[in-house]
Each structure stands twice: as structure tokens, then as C-alpha cells.
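Structure, as C-alpha cells:
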Ligand code: GLN
């Protein structure tokens, strides 16, 4: 069925970078044979899945939507991919994204932009734009995305699907091509909340291959979906409902709060006072980490190597100038500058301090409330091409998702209405490792 939808819609949506129909059909065939038997079935048995192209897949091209890796065939699977295989889903292909996950519209893909299935003139969001568009168009049952500053939640919001960024450390990053290692997390993008609980159940858990993986007991997310949220205490940050947030988006969020109230929850306005510094701190920290992580792309170890270098240094220069796109170069330069001696204290160290203050904002609110609710993004999807010339406006689209990433807490985007024909997302933010409450609230709401 997924391939049927792909044949029908992929020409227009362009969610995938690589399709693996042959492999998918042979896996599906094996599962078909098993279906008739009494053998136990995996949690995601037979479900067609798409994987963001910065998650490595053995023998299946993994490009990060970069020309640098246009020929890269990994020799191992990321831990999440191994876990999906154990859960017996069927991988059908690799999904488009902003190059190295840097961006918010999938227009930074060095191959082609993906389009929003709700309106093909609009972006699907990003950087996991292919992952969100594929689910919205029915071109996969579920997908995996990655979120560093909003890249699962914002495209889920723009495409009218569910996207969950887990607590930092809940899902292994082994095999995720690193962008900003202290922020990156892999998570599910699905049609509904129940599916998100199933996929999270399959991919969460300690992994000795990831030194930042949390060694905690994984709760039963599926049985957390009780439908009961009576007595739940909701905080609504005033900074998330202020100027710059589209009135139609605010209206959808207010209507959602009334639904939550009718289900027995109560809400109050609170303040996360350091929100306004989050975007600046994030772009310093994320770019600094990126400049270090991307140093490995030298034209020798991975991917495409430039022709006719004069010497070794020239080989690095040429390979990197030809291999990286302009947004990636912008971030490497910003990060290298911020980390250079003489500027480190003024920029990187300062940004780290801001990060601590933002984390404390969340701790204080969570001392009194169970959950934080607000919009996922200040607007609905924008027109393709309308923001490409202005990186700053592009960066501000993430103002409501970035603080969550800096604090390392989990958050989910669930569709909560439409504004001018395009979906609006409600962001539900939880305490560290309390994905169960987020899923319970989102499931009762949806
Ligand atoms: N849009 C943000 C950025 O460009 C977030 C990206 C992400 O979460 N991967 O960095």
C-alpha cells in the first residue's frame, strides 16, 4: 500500500531520497510467511517505515541530503534501525531533510526540496521535512526523524502529523550522523498518538554504544494511554503566546486548552523568563558543536573526494568547499569563530550559561505543574522560497521548540486545528523521562 501511495504521490511530494523497494518486498515476503505461523510477532510487525537520511542503514545509501555523502553506503545499522528490525517493521527508504539537519524547511537539501502534502506550494518544515511529509501523504506508516532544535516537532506541526522528541538520552544516538551532539535526539513521526507510543516503545532504551544514553527502566508507554487526565496541572508560558505568534495559531491553542479543561485538566499562565535568549544561545552552541562534528568530513574518510588536489591541505579545502552547501558552511564558520581562543568566553561559555538558566526556568515550572502546553511553531507552514534569503527569519521559526531542546526535556507536537487550510500543531512538553504523561495528554486530546 505504501508503494502504491508512493507511485501515486511521490512525484509531487518528493519525500524520499532513496527507495529500497526490492529489499522492502523481500522483507515483507518473509513476514507474510510468518504471518500464517504461531510465532510471536514484533511490536511493529509489517509496518512500512521511512527513515531520515541522517540515520545510517547498512548497505542503504545515507546522504544527510549532502553532496558530500552522495555516494556513502554505511557498513552498519544505527541502533534504532536494529531495533526496528527486531520489532519487524519494513524499511522502505530514506527521507529528505535539510543538509546535515541544518534548517527548518527542507529547502537546504542539496538534492531537491520536499513539498507539503496539504499544499504543494508550501514547505513541509524541517529539518525532518521528508519524514513528516511521507506520513502526511501516506507514503509510510511511520517514520523516524531527528530533532536538535525542533526538527521533529516543527515539520510534524506543518504537516498535520504527530512528532515526538524524546528526553535527551532516552533513544540511542549511535548511528545518527551528529549535528550538535548535546542536543540531537531521534524520535517517531506518526499519524496519531497511539502509533507514537508504539514506535517509542520499540526504539527507546539504554545502549552501551552511546555514552550519553540513559540507563533507566523503560515504562510501558502503550498502557499509559488511559484517556484520563482529570486533575492534570497545565502551565501555559506567556512567552509562547506573545507577539510574533500568529493570532490564528493562538486561537487554535486557546481552543485546545478549552478541550483539555473539558477533560478535567486545569491550566494557568506561567513565565519561562529566559525564552528570548534561547535562539541566540542555540545557534552558538549548535554551530560550535557542528563545526567540531563536521571536521571528520575531509574527503579522505567518508564520501566524495575532490579531483586533482595540489596537496593534502588542498584536498581538504576542495572536498569541503565542493561537498558542503552554504548553510552548512555558514554554521561551520560561526562555530569555529565562537570556539576560537579569545572569543570562547564571550560567546560559547556565555551561551552555556544561558542554557543553564533556561533549564532552570523549566525546573521551576515543573515543580508546580505536570505539563507545559503551547504552540509548536509561531506560524503555519510558509511558501517555498519565501524565507530562503533571510537565515534570521528562518532561525526564528524555532523559537518555541529550541528552549525544550536546550533543557533536554521531551515534547510532542499533535495537530490541533487549521489556519487558512494549513495544519496547526499543539506542543506538549513534559518532565525529563516523563514521555508517558505527554502521550497520555496528547492521546486524550486528539
Ligand atoms: N531549524 C533548526 C536548525 O536549523 C533545528 C534543526 C534541527 O532540529 N535539526 O538548526
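What the table shows:
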| item | result |
| --- | --- |
| Residue 58 vs. criteria touching a residue at least 12 places away in the same chain (Cβ under 8 Å), surrounded by fewer than 24 Cβ atoms within 10 Å (Cβ to Cβ) and within 13 Å of the ligand (Cβ to nearest atom) | no |
| Residue match in the stretch 365-385 (condition: in contact with a helix residue (DSSP H, G or I) (Cβ under 9 Å, 6 or more places away or on another chain), part of a helix (DSSP H, G or I) and in contact (Cβ under 8 Å) with a residue 24 or more places away in the chain) | no |
| Matching residues, the stretch 379-398, being closer than 24 Å to residue 441 by Cβ and at pLDDT 95 or above | 379, 380 |
| Number of positions in the stretch 222-266 that are assigned to a loop (DSSP other than H, G, I, E, B), in contact (Cβ under 8 Å) with a residue 12 or more places away in the chain and over 19 Å from residue 430 (Cβ atoms) | 3 |
| Residues of the stretch 82-103 satisfying the condition of being farther than 15 Å from residue 30 by Cα and surrounded by fewer than 24 Cβ atoms within 10 Å (Cβ to Cβ) | 82, 83 |
| Residue under evaluation residue 305, criteria (1) within 28 Å of the chain's Cα centre (by Cα); (2) at pLDDT 95 or above; (3) more than 16 Å from the ligand (Cβ to nearest atom); (4) surrounded by 17 or more Cβ atoms within 10 Å (Cβ to Cβ), criterion not met | (1) |
| Matching entry among 198, 158 (being away from the ligand (no atom under 16 Å from the Cβ) and either at pLDDT below 95 or touching a strand residue (DSSP E or B) at 6+ places or on another chain (Cβ under 9 Å) (or both)) | 198 |
| The listed residue being in contact with a helix residue (DSSP H, G or I) (Cβ under 8 Å, 6 or more places away or on another chain), at pLDDT 95 or above and near the ligand (Cβ under 9 Å from one of its atoms), out of 127, 131 | 127 |
| Selection from the stretch 116-135 of residues that are more than 13 Å from the chain's Cα centre (by Cα) and buried (at least 24 other Cβ atoms within 10 Å of the Cβ) | 116, 123, 134, 135 |
| Matching entry among 143, 148 (being within 11 Å of the ligand (Cβ to nearest atom), modelled with pLDDT of 95 or more and surrounded by 24 or more Cβ atoms within 10 Å (Cβ to Cβ)) | 148 |
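The values are calculated or read from the model by the stated rules, or taken from the named source; none is laboratory data. Bear in mind the structure is a predicted one, so any value in this text is a computation, not a measurement. Methodologically, a virtual Cβ is constructed for each residue, glycine included, from the backbone with ideal geometry; neighbour enumeration extends over all protein chains shown.
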